[in-house]
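This report concerns only the one structure given below.
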Amino acid sequence: MLLDTLPPSTRPPFKDPPCGSLWPAALQHSALLHSAQLRSRKATSSSPSSSRCHHSPLITSRGWGPQGWTHPTIAPELSRSDGRTVGRRTPEPEVGSVSGSLAASSSPVQAMGIKTALPTAELGLYSLVLSGALAYAGRGLLEASQDGAHRKAFRDSVRPGWEYIGRKMDVADFEWVMWFTSFRNVIIFALSGHVLFAKLCTMVAPQLRSWMYAAYGALAVVGTMGPWYLLLLLGHCVGLYVASLLGQPWLCLGLGLTSLASFKMDPLISWQSGFVTGTFDLQEVLFHGGSSFTVLRCTSFALESCAHPDRHYSLADLLKYNFYLPFFFFGPIMTFDRFHAQVSQVEPVRREGELWHIRAQAGLSVVAIMAVDIFFHFFYILTIPSDLKFANRLPDSALAGLAYSNLVYDWVKAAVLFGVVNTVACLDHLDPPQPPKCITALYVFAETHFDRGINDWLCKYVYDHIGGEHSAVIPELAATVATFAITTLWLGPCDIVYLWSFLNCFGLNFELWVQKLAEWGPLARIEASLSVQMSRRVRALFGAMNFWAIIMYNLVSLNSLEFTQLVARRLLLTGFPQTTLVILFVTYCGVQLVKERERTLALEEEQKQDKEKLE
């Protein structure tokens, strides 16, 4: 998302070290623990996140045992659509606890959390305000898109679309356009072939299906990137496999990070890029995707081998894990222990209603693709930020809507990409990572992420090990710094990635500091003196401010630092106090509606659990 131009086909590929901008949206969403993704509006990048057909357990505790990483404790997950990135992995809120910027402790104020209902009339007012504000901002964006359709600055990224009604289309997102034009048939052919051969193998020889997955994936890699690229990846796989035989987790993690760095920095990146055969538009995207995810998968394999030396994992197990085609280039990533346990089932059995969930997920992906196509014919949200003079003429409401819609688009794109991939994985009897929480429902840094696979990988092998229970300030700071350092390496070190990492690391820690402050005696007593409804309103106000902090911190990498400065200046300085307070109130209304949805889901889950206990 950082490149501004697509490298010419005549330029030697991978000449410059990658800086996140060379990554596809899916990769970047995977890597960005929080909601940022580095996307090039006019060049290469941007995309989606994971979706899932049913719920899986949440890994709640992990540690470092005498022989390496201890086996994670599995706890049933409260039915929820959010996952944490590097957030505090606390249990799901109980009777009233709130996971937010205010305290989420076991103190008496827990009774004032999301289980607290607000009057129906008040919630109706919030819905009315939010709907009206979104419609008003949308109208401003629509008018701006119509006015700018013929600007010279828009010529390269706004091109003819529905000519029969005279609508042009925003094509600034190179990767999205490539997926559904020149590479559409290739993607459909590759995934359809995988599904077909997987089904035949499951029917004829189910005990060999993992071998079929690996063989088909390896052949697809050879056909796409060439045999020398396959040999390059095999070299990294063998290196980490040998390290796993030594049984030293620190050595495996260190070697894994070194391998990852070799794909991010010159001169090794230039040398390794020479192993790719041929030249095509998505070559850099596929190179960095396949290489970087391979390193993470091999590192997971090595650490799990150290944690469970009695299981005697083989090199064949690693190759089966790494060359599973649906996950190979774009993720999501499953830790080795989960993948191995699921793919090793000789006679997998589907749960009741699982096929219906798979069909629904596939249908939602198709609907989302169509919706994005329609949206881009009316709203040029990717092109407008590239012209700061034009963006500066937008009304405050439209500018705020533009910043918000950029994050929503990234989430939708992630949902589409990982939704398609996870649909195939579900057909293969796998349980892929859960979908992320919709960006609209995020008002806490600790719950902000796009790819639960990367989230779980980092939490299991880095964040939880250093941060412990994530309740102490200093260990939490050390855990987040270490996690974001690895994330910076994953994205490709550069100035904008450093800035993004610092801002989101600060946001995550600041939430803990505020939580500790709210647990302080005088403040806790003040909140306890409030009514339960008023306490929820106070918390929602903090959530509204946090929501815009999340948007601004991630807008830095989604667009540009200049556009972020423009939005901040207009909404916080020149628009103060009227624009600032209006937008804050509208966001407050949205947070309250999100909290109400969370409250409803929590009550439904409790009722379900109570019913199961009675049975």
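With the structure loaded, tell me whether Arg350 is in a loop (DSSP other than H, G, I, E, B), of a type outside the set (A, V, I, L, M) and open to solvent by 10 Å² or more (accessible area, probe 1.4 Å) or whether it fails that test. Considered against the rule, which asks whether it is in a loop (DSSP other than H, G, I, E, B), of a type outside the set (A, V, I, L, M) and open to solvent by 10 Å² or more (accessible area, probe 1.4 Å), Arg350 comes out as yes. Number of residues in region 134-173 that are open to solvent by 30 Å² or more (accessible area, probe 1.4 Å) and either at pLDDT 95 or above or in a helix (DSSP H, G or I) (or both) equals 13.
I'd like to check something: does region 198-213 contain any residue that is within 21 Å of His288 (Cβ to Cβ) and free of Cβ contacts under 8 Å to residues at least 40 places away in the same chain? The answer is no, given that none of the residues of region 198-213 is within 21 Å of His288 (Cβ to Cβ) and free of Cβ contacts under 8 Å to residues at least 40 places away in the same chain.
Of the residues that sit in region 149-166 and are more than 19 Å from Phe180 (Cα to Cα) and of a type in the set (A, V, I, L, M), which one is farthest from the chain's Cα centre (by Cα)? Outline the logic, then answer.
Kept after step one, since they are more than 19 Å from Phe180 (Cα to Cα), are these residues of region 149-166: 149-155, 164-166.
Of the ones still in play, those that are also of a type in the set (A, V, I, L, M) are 149, 153, 165.
Details: Ala149: 31, Ala153: 31, Ile165: 36 Å.
Across region 149-166, the extreme among qualifying residues is Ile165.
Among the residues making up region 558-581, those that are assigned to a helix (DSSP H, G or I), more than 20 Å from Phe506 (Cα to Cα) and touching a residue at least 24 places away in the same chain (Cβ under 8 Å) are Glu562, Phe563, Leu566, Val567, Arg570, Leu571, Thr579.
Kindly indicate whether Asn422 is open to solvent by less than 10 Å² (accessible area, probe 1.4 Å) and under 30 Å from Val346 (Cα atoms).
On the way: open to solvent by less than 10 Å² (accessible area, probe 1.4 Å): yes; under 30 Å from Val346 (Cα atoms): yes.
Considered against the rule, which asks whether it is open to solvent by less than 10 Å² (accessible area, probe 1.4 Å) and under 30 Å from Val346 (Cα atoms), Asn422 comes out as yes.
Of all residues in region 471-498, those satisfying the criterion of being assigned to a helix (DSSP H, G or I), open to solvent by less than 60 Å² (accessible area, probe 1.4 Å) and more than 19 Å from Met265 (Cα to Cα) are Val473, Pro475, Glu476, Ala478, Ala479, Thr480, Ala482, Thr483. Identify all residues within region 431-467 that are open to solvent by less than 10 Å² (accessible area, probe 1.4 Å), farther than 19 Å from Trp500 by Cα and of a type in the set (Ser, Thr, Tyr); write none if there are none. The one that is open to solvent by less than 10 Å² (accessible area, probe 1.4 Å), farther than 19 Å from Trp500 by Cα and of a type in the set (Ser, Thr, Tyr): Tyr461. Meeting the requirement of 1 or more residues that are open to solvent by 50 Å² or more (accessible area, probe 1.4 Å), of a type in the set (Phe, Trp, Tyr) and closer than 21 Å to His340 by Cβ, the helices (runs of 4 or more DSSP H) wholly within region 175-269 are 184-204, 209-225.
Kindly provide the set of residues from region 594-604 that are in contact (Cβ under 8 Å) with a residue 24 or more places away in the chain and either of a type in the set (Val, Ile, Thr) or surrounded by 16 or more Cβ atoms within 10 Å (Cβ to Cβ) (or both), ordered by number.
From region 594-604, those in contact (Cβ under 8 Å) with a residue 24 or more places away in the chain are 594-599, 601-604; that's our starting set.
Within region 594-604, Val594, Lys595, Glu596, Glu598, Arg599, Ala602 meet the criteria.
Out of region 524-557, which residues are open to solvent by 70 Å² or more (accessible area, probe 1.4 Å) and either touching a residue at least 24 places away in the same chain (Cβ under 8 Å) or assigned to a loop (DSSP other than H, G, I, E, B) (or both)? Hits for region 524-557 are Leu541, Phe542, Met545.
Of everything listed in (1) of a type in the set (A, V, I, L, M); (2) under 27 Å from the mean Cα position of the chain (by Cα); (3) more than 21 Å from Leu318 (Cα to Cα), the single unmet condition for Leu196 is (2). Is it the case that region 542-559 has a residue that's more than 26 Å from the chain's Cα centre (by Cα) and at pLDDT 90 or above? Within region 542-559 (the criterion being more than 26 Å from the chain's Cα centre (by Cα) and at pLDDT 90 or above), the answer is no, since none of the residues qualifies.
For region 366-384, filtering for residues that are surrounded by 21 or more Cβ atoms within 10 Å (Cβ to Cβ) and either among the hydroxyl-bearing types (Ser, Thr, Tyr) or under 29 Å from Leu427 (Cβ atoms) (or both) leaves 2. Within region 364-384, residues that are of a type in the set (Val, Ile, Thr) sit with their Cβ atoms under 8 Å from residues that are exposed (fewer than 15 other Cβ atoms within 10 Å of the Cβ) and modelled with pLDDT under 90, at 6+ positions apart or across chains, in these pairs: Ile369/Phe180.
If you go through region 385-405 one residue at a time, do you hit one that is at pLDDT below 90 and open to solvent by 10 Å² or more (accessible area, probe 1.4 Å)? Reasoning before the result, please.
Narrowing region 385-405 to residues at pLDDT below 90: none.
No; the residues of region 385-405 include none that is at pLDDT below 90 and open to solvent by 10 Å² or more (accessible area, probe 1.4 Å).
Listed here are the residues, each with its yes/no results for (1) closer than 20 Å to Ala371 by Cβ; (2) not acidic (Asp, Glu).
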residue: Leu125; (1), (2): no, yes
residue: Ser131; (1), (2): yes, yes
residue: Asp173; (1), (2): yes, no
residue: Asn185; (1), (2): no, yes
residue: Val195; (1), (2): no, yes
residue: Thr202; (1), (2): no, yes
residue: Trp211; (1), (2): no, yes
residue: Ala218; (1), (2): no, yes
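The values are calculated or read from the model by the stated rules, or taken from the named source; none is laboratory data. It should be emphasised that the depicted structure is a prediction, and the values quoted were computed from it without experimental measurement. Don't worry about glycine lacking a Cβ; one is built from the backbone with ideal geometry, like all the others, and counts go over all protein chains shown. Note: areas computed on protein heavy atoms with side chains; ligands, DNA, RNA excluded. Shrake-Rupley method; radii C 1.70, N 1.55, O 1.52, S 1.80 Å.
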